[in-house]
Amino acid sequence: MNDVVVTEVITADSNTALADVAARMRSENVGSVLVLDESDLVGILTDRDVALSLADDPDATDRTAGDVMTADPVTVAPDASVFELLERMDAAGVRRMPVVADGSVEGIVALDDVLGLLAAEFEDAMDVVDRQSPAF
């Protein structure tokens with residue numbers, strides 16, 4: 001799983017204005033921000049969370065990351081297998097998952113990156129099959 005963990009995560013405080021978080025997501029070209037209370041993970045805020053919160057009320061002037069985030073996000077350990085990660089993502093219904101060890105955030109994994117890794121692995125496997133298969 002280490003091949004798909006992004007270790008440079010974008011974070012925000014729960015009191016950060018939602019507009020500031022959205023602007024940071026755009027400038028950093030990311031789809032999620034981890035919300036920390038000091039160094040403790042307290043939530044995750046995705047671009048979808050931002051969009052849905054605007055659908056409820058377009059005036060986000062007084063809204064903060066803490067108002068919109070998903071609190072206590074499901075996490076995965078850094079030594080988890082890709083298959084364990086996928087099972088956890090499926091069970092939680094999420095596409096991004098923070099990687100946490102001993103209470104410390106070590107990174108984040110996105111389903112898109114996992115799919116890219118698996119596609120590359122399947123391509124390598126097909127190369128082996130093609131080389132070993134007789135031509136008919």
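What's the local net charge at D57, with K and R +1, D and E -1, over the other residues with C-beta under 12 Å away?
Details: positive: R63; negative: D56, D59, D62, D67.
It works out to a net charge of -3.
Here the calculated FRET efficiency for D62 and L118, from their Cβ-Cβ distance with R0 = 41 Å, stands at 0.45, rounded to the nearest 0.05. Positive contributions from Lys and Arg (+1) and negative ones from Asp and Glu (-1), summed over other residues with Cβ under 14 Å from the Cβ of V129, come out at -4. Taking a ≥ b ≥ c as the square roots of the eigenvalues of the Cα gyration tensor, an a/c ratio of 1.5 or more together with a/b larger than b/c marks segment 83-127 as prolate. Panel order for L45, L115, by other beta carbons found within 10 Å of each beta carbon, from fewest to most: L115, L45. Backbone geometry of segment 56-65 corresponds, through the Karplus equation with coefficients 6.51, -1.76 and 1.60 at θ = phi - 60°, to 3J(HN,Hα) couplings of 5, 7, x, 8, 9, 3, 9, 7, 10, 4 Hz, x marking Gly and Pro. The string of couplings for segment 112-126 from the Karplus curve (6.51, -1.76, 1.60, θ = phi - 60°) is 4, 5, 5, 4, x, 4, 5, 4, 5, 5, 5, 4, 4, 5, 5 Hz, one whole number per residue in order, with x for Gly and Pro.
Fewest first, what order do R131, R26, R63, R95 take by the number of other Cβ atoms within 10 Å?
Ranked by crowding around the Cβ, least crowded first: R131, R26, R95, R63.
For segment 23-136, the spread of Cα coordinates along the three principal axes comes to 68, 34, 27 Å, biggest extent given first.
Once Rh for segment 1-69 is found with the Kirkwood sum over Cα pairs, what is the Stokes-Einstein diffusion coefficient at 4 °C and 1.567 mPa s, in µm²/s? Estimated via Stokes-Einstein, D reaches 105 µm²/s. Counting other Cβ atoms within 10 Å as a rough exposure proxy, the listed residues E38, E123, E84 run E38, E123, E84 from fewest neighbours to most. Placing a pseudo-label 7 Å from each Cα along the Cα-to-Cβ vector at V74 and D47 gives an inter-label distance of 2.2 nm.
Each reported figure results from applying straightforward, stated rules to the coordinates on display, with no laboratory input. Fair warning: this is a prediction, and the values are worked out from it, not measured in the lab. For neighbour counting, all protein chains shown are included, and Cβ atoms are generated from backbone atoms with ideal geometry for every residue, glycine included.
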